[in-house]
Amino acid sequence: MDEAQITNRLMTLWGGTGQDATLEVADMEAAGRIRSRMHQLRAGAGDRVAGRKIGFSNRTLWPLYGVDGPIWNYVWDSTVIEAEAGVAEIPLHALPEPRIEPEIVLHLARAPEPGMNEADLMGCIDRIAHGCEIVVSVFPEWRFSAAGATAAYGLHGRLVVGPWFETHRNPQALAAQLSDFGVALRRDGALLDSGHARNVLGGPLSALRHLVEALAQEPDPAPLQAGEIISTGTLTDAHPVQPGTVWSTEFQGISLPGLEIRFV
């Protein structure tokens, strides 16, 4: 398939249950062009960008998935689920091979710029939340290249966002917490995995800094804007989920409530 055909096929697969083992994306430059074209098509169809997701910011997972660096793609208003009470129910019928990823989500009050340090970036953020991204794979058995994953919506399916916590309360303390906290991930009450802030490139603010710098190097730049949310990457491995299971999270070292997600 050429890039136009891949784009059309990915648009067809978006939101559906299908997969396609024949999809092959030549390289990251081709993936970026496909991502830009899909963005244009979805925006033209009336979808609104809610923000961005950073994929593979967890360096401990690179060997498992055969990648050597982070990727990014868009998050859409149609894929964000607000769980203001910390509880959500997610249907899985339209999500191919879904997996769950506990993350930190940042809300931008103003656009960050290249060259900013983490203190400067914290000044661009007015709210943070705990989120769980439901990632999917249009590639059977999660076999893909980094370019393929980038083109295929960055593997994004849904983003559950918990209660927001305003950063103005104590920004310096919160910035310190963002680099040194832990999270526990449970399935049906049993501990399945745990993670730490440092897993995502040293912390969520470091992950944001990577994204800002990476976007500045794009041949077709797409800088971050005020009002966007940034999902900074999974703190644990990405675990397969099934209907009828309940997953929950709990934090240590940061003042954020966990989430409870029931899959149906």
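A few remarks follow.
- Number of positions in region 73-113 that are of a type in the set (A, V, I, L, M, F, W, C), within 24 Å of Gly32 (Cα to Cα) and open to solvent by less than 20 Å² (accessible area, probe 1.4 Å): 6
So that you can scan it fast, the table gives a plain yes or no per residue for (1) over 25 Å from Asp68 (Cβ atoms); (2) open to solvent by 30 Å² or more (accessible area, probe 1.4 Å); (3) aliphatic (A, V, I, L, M):
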{"position": "Ala152", "(1), (2), (3)": "no, no, yes"}
{"position": "Leu192", "(1), (2), (3)": "yes, yes, yes"}
{"position": "Ser206", "(1), (2), (3)": "no, no, no"}
{"position": "Leu211", "(1), (2), (3)": "no, no, yes"}
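- Scanning region 155-181 for residues that are open to solvent by less than 10 Å² (accessible area, probe 1.4 Å) and either of a type in the set (Gly, Ala, Ser) or touching a Lys or Arg at 6+ places or on another chain (Cβ under 6 Å) (or both) yields His156, Gly157, Gly162.
- Residue, surrounded by the fewest Cβ atoms within 10 Å (Cβ to Cβ), within region 52-72, restricted to residues that are touching a residue at least 40 places away in the same chain (Cβ under 8 Å) and assigned to a helix (DSSP H, G or I): Leu64
- Scan of region 164-190 for residues that are acidic (Asp, Glu) and within 24 Å of Gly69 (Cα to Cα), ordered by number: Asp180
- Pairing residues of region 35-51 that are touching a residue at least 60 places away in the same chain (Cβ under 8 Å) with residues that are of a type in the set (Asp, Glu) and assigned to a helix (DSSP H, G or I), at Cβ distances under 8 Å and at least 6 apart in sequence or on separate chains, gives Val49/Asp77; Ala50/Asp77.
- When Gly46, Gly16, Gly51 are checked against the criterion of being modelled with pLDDT of 95 or more, out of contact with any His (no Cβ under 7 Å at 6 or more places or on another chain) and either of a type in the set (Gly, Ala, Ser) or within 27 Å of Val212 (Cα to Cα) (or both), a single residue qualifies: Gly51.
- Region 220-235, residues that are of a type in the set (S, T, N, Q) and in contact with a Pro (Cβ under 6 Å, 6 or more places away or on another chain): Thr232
- Residue that is modelled with the lowest pLDDT, among those in region 221-245 that are over 24 Å from Leu61 (Cα atoms) and open to solvent by 30 Å² or more (accessible area, probe 1.4 Å): Pro221
Condition check ((1) outside any loop (DSSP other than H, G, I, E, B); (2) farther than 19 Å from Tyr74 by Cα; (3) at pLDDT 95 or above; (4) under 18 Å from the mean Cα position of the chain (by Cα)) across all residues:
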{"site": "Glu84", "(1), (2), (3), (4)": "no, yes, no, no"}
{"site": "Glu89", "(1), (2), (3), (4)": "yes, yes, yes, no"}
{"site": "His93", "(1), (2), (3), (4)": "no, yes, no, no"}
{"site": "Glu97", "(1), (2), (3), (4)": "no, yes, yes, yes"}
{"site": "Glu101", "(1), (2), (3), (4)": "yes, no, yes, yes"}
{"site": "Ile104", "(1), (2), (3), (4)": "yes, no, yes, yes"}
{"site": "Ala111", "(1), (2), (3), (4)": "no, no, yes, no"}
{"site": "Met116", "(1), (2), (3), (4)": "no, yes, yes, no"}
{"site": "Ala119", "(1), (2), (3), (4)": "yes, yes, no, no"}
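The values are calculated or read from the model by the stated rules, or taken from the named source; none is laboratory data. Predicted model, so just to flag it, every value in this text is computed and none were measured. Neighbour counts are summed over all protein chains in view; Cβ atoms, including those assigned to glycine, are modelled from backbone coordinates with ideal geometry. With ligands, DNA and RNA removed, areas are computed over all heavy atoms of the protein, side chains included. Shrake-Rupley method; radii C 1.70, N 1.55, O 1.52, S 1.80 Å.
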